[in-house]
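Novice: Below is the structure I would like to discuss, written out as structure tokens.
The values are calculated or read from the model by the stated rules, or taken from the named source; none is laboratory data. None of the values given here were measured: they were computed from a predicted structure. No Cβ is skipped: glycine too gets one built from the backbone with ideal geometry, and neighbour counts run over all protein chains shown. Heavy atoms of the whole protein, side chains included, go into the accessibility calculation; ligands, DNA and RNA do not. Shrake-Rupley method; radii C 1.70, N 1.55, O 1.52, S 1.80 Å.
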Amino acid sequence: MNQRFYLDYNATAPLRPEVREAMAAALALHGNPSSVHAEGRAARSAIEAAREKVAALVGARSEDVIFTSGGTEANALALAAQSGGAWHCYLSSVEHPSVLSGGRFYRETTTTFPVTPDGVADLQILAKELEKHHLGGWRPFVSLMAANNETGAIQPVAEASKIVHEAGGLLHTDAVQAAGRIKLDMTALGADMLSLSAHKIGGPKGVGAVVLSESASVEPLIKGGGQERRRRAGTENVAGIVGFGVAAELAADDLAKAAAVSALRDELEKGARAIAPDVVVLSGRVARLPNTACIAVPRTKAETLVIGLDLAGVAVSSGSACSSGKVEASHVLSAMGVADEIAQGAIRVSLGFATKRADIDNFLKAFNELVKRLRPRVAA
Ligand code: PLP
């Protein structure tokens, strides 16, 4: 294959070499972590060391980390209806589909609340909604992501948790995209539950975690053995969890490099605007993850851009979803009220720990050629 330039870290990050090495060693730990013999204890101790590293990434206690099969299961576990009392679930309109599904909450007891045109949750509306249901004796369960996967917009989780707690409720935050990109602290966020996924931070696919605050609990989705303190049954994915631990440790160290990542992202956006002055940077006016650029080229099709860039060796994502043969704007951009002609030309470029200047230069070179070809008059 020709030289590739990978700029799709929000889809998945490459496996870090240190993670691969640690996982290869962990595959040799053949004991069942629940066994009492030495082989079992070796596997158990590898898991517990990883648990501490994952907990440290979000300022939690290791016993409050529940390993899952990924971010999707972590969200499902968090959204497994709480027992006792009547709960009403509130979800921001820009959540990942695994949250928007509502988990075990019934459709009639689930409400979505809007975001501003900049893609930030509208907490005034949430507060009003909570008041309404509070009067009816409902307890609110609110899920608000720490940062959006498409635009990178950072959400006001700490403010939301205050409102939710005042109303006697619980707050879950999907921190799958924010982890390792901005500093996260369970206590500062006031989160009762937080979801993580290993593969977005250089760990393996198929491993994630729900992290609980000291007072929170979950209803298990998978019942059976007593693993994960009876909160998630099934023999643990030892090598995957070990890889997650190493990735979490490296991600925490890499927070110090966030400014360098955002400088590269800013250069990319500046370069794109120089090529096509009508390029729109979505959520560009609000606090964003340092690695994410959601840029729209009006009057072009995102799919054409993604394919054209891929042919030139550059990997990015489109901000639109293709359903039943019809290309529709993503639910995130629709929720922000982005006009169709802009949303349809939105691509997501996401950077990470291995991104170099050359990746940005090659993106801009390919982008320039494509835009000139697709829109000769504007680019001239
Ligand atoms: N939540 C967010 C915000 C995501 O971006 C993703 C993955 O794209 C997920 C959850 C799902 O995580 P996983 O791929 O580990 O199931």
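Novice: Testing the spin-label approximation: label points 7 Å from Cα along Cα→Cβ at ARG229 and ARG20. State their distance in nm.
Specialist: Here the answer is 3.5 nm between the modelled labels.
Novice: Can I ask one more? Counting heavy atoms of the protein chains only and a 1.4 Å probe, report the per residue accessible area for segment 207-280 as a whole number of Å². Please list the in-between numbers first.
Specialist: Numbers: 3260 Å² over 74 residues.
It amounts to 44 Å² per residue over segment 207-280.
Novice: With the full set of protein chains in place, find how many percent of the accessible area of the chain is carbon and sulfur; take the probe as 1.4 Å.
Specialist: Working: 8830 of 16250 Å².
The value for the chain is 54 percent carbon and sulfur by accessible area.
Novice: Relative to the longest principal axis of the C-alpha atoms of the chain, give the angle of the C-alpha long axis of helix 157-166, reported between 0 and 90° and rounded to the nearest 10°.
Specialist: 40
Novice: Once ligands and nucleic acids are excluded and a 1.4 Å probe is used, how much of TRP138 is accessible, expressed in Å² to the nearest 10?
Specialist: 80
Novice: Based solely on its DSSP helices, what 222 nm [θ] is calculated for the chain when runs of n ≥ 4 H residues each add -39,500 (n - 2.57) and the sum is averaged over all residues, nearest 500 deg cm²/dmol?
Specialist: Values: 15 runs with 150 residues, N = 380.
Estimated from H runs of four or more residues: -11500 deg cm²/dmol.
Novice: Quickly work out the LEU255-to-ASN368 label distance, labels modelled 7 Å from Cα along the C-beta direction, and quote it in nm with one decimal.
Specialist: Label at ASN368, label at LEU255, 3.8 nm between them.
Novice: Work out the charge dipole of segment 222-380 with +1 on the Cβ of Lys and Arg and -1 on the Cβ of Asp and Glu about the Cα centre, then indicate which of ASN237, LEU282, LEU364 is farthest towards its positive end.
Specialist: Of ASN237, LEU282, LEU364, it is LEU282.
Novice: Let me ask another. Given the options ALA38, ALA258, ALA188, state which has the largest fluctuation in a GNM of the chain using a 10 Å cut-off (strictly under) for Cα springs.
Specialist: ALA38
Novice: Any idea of HIS96's accessible area? Nearest 10 Å², probe 1.4 Å.
Specialist: Looks like 70 Å² after rounding.
Novice: Hey, another quick one. Quote the convex hull volume per residue of segment 221-380, based on C-alpha atoms, as a whole number of Å³. Write out the running numbers ahead of the final one.
Specialist: On the way: hull volume 28.2 nm³, N = 160.
Convex hull volume per residue, Cα atoms: 176 Å³.
Novice: Let me ask you something else. Got a sec? What order do ILE295, ILE307 fall in by accessible area at 1.4 Å, biggest, i.e. largest, first? Could you put the intermediate results ahead of the total?
Specialist: Details: ILE295 0, ILE307 105 Å².
If we order ILE295, ILE307 from most to least accessible, we get ILE307, ILE295.
Novice: Could you tell me, in Å, what Rg and Dmax come out for the Cα atoms of the chain?
Specialist: 21.4, 73
Novice: Over the heavy atoms of ASP185, what accessible area does a 1.4 Å probe trace out, to the nearest 10 Å²?
Specialist: 50
Novice: Using a simple charge model, +1 on the beta-carbon of Lys and Arg, -1 on the beta-carbon of Asp and Glu, nothing else, what dipole does segment 1-143 show about its Cα centre, in debye to the nearest 20? Let's see the in-between values first.
Specialist: Numbers: 13 positive and 15 negative charges, 43 e Å.
For this selection, approximately 200 debye.
Novice: What does the charge count near VAL65 come to, summing +1 for each Lys or Arg and -1 for each Asp or Glu among other residues with Cβ under 15 Å from its Cβ? Intermediate results must be reported in sequence, preceding the final value.
Specialist: Details: positive: ARG44, ARG51, LYS53, ARG61, ARG229, ARG230, ARG231, ARG232; negative: GLU48, GLU52, GLU63, ASP64, GLU73, ASP185, ASP192, GLU214, GLU228, GLU236, GLU249.
Charge balance in the 15 Å sphere: -3.
Novice: From Cα pairs below 8 angstrom and at least 6 apart in sequence, can you work out the relative contact order of the chain, rounded to a whole percent?
Specialist: Numbers: 823 pairs, mean separation 83.4, N = 380.
Once divided by the residue count of the chain, the mean separation gives 22 percent.
Novice: What is the sum of charges around GLY202, taking Lys and Arg as +1, Asp and Glu as -1, for the other residues whose C-beta is under 12 Å from the C-beta of GLY202?
Specialist: On the way: positive: ARG16, ARG20, ARG181, LYS200, LYS205; negative: GLU18, GLU249, ASP253, ASP254.
Here the charged neighbours net out to +1.
Novice: Size of the dipole of segment 208-314 about the Cα centre, Lys and Arg at +1 and Asp and Glu at -1 on the beta carbon, nothing else charged, in debye to 20? Write down the numbers at each step before the final one.
Specialist: Numbers: 13 positive and 13 negative charges, 65 e Å.
Around 320 debye, computed over segment 208-314.
Novice: Moving to a separate point now. With springs only between Cα atoms under 10 Å, which of GLU219, GLU63, GLU166 fluctuates most in a Gaussian network model of the chain?
Specialist: Maximum among the listed residues: GLU166.
Novice: Quick one: angle between helix 17-27 and the longest Cα principal axis of the chain, in degrees between 0 and 90, rounded to 10, please.
Specialist: Tilt of helix 17-27: around 30 degrees.
Novice: Count charges around GLY152 for me, please; just the other residues with Cβ under 10 Å from its Cβ, Lys/Arg as +1, Asp/Glu as -1.
Specialist: Working: positive: ARG181, ARG265, ARG288, ARG348; negative: GLU150.
Result for the local shell: +3.
Novice: Further question: Taking Cα atoms, how many degrees apart are the long axis of helix 123-135 and the longest axis of the chain, rounded to 10 and kept between 0 and 90?
Specialist: Long axis of 123-135 versus the principal axis of the chain: about 40 degrees.
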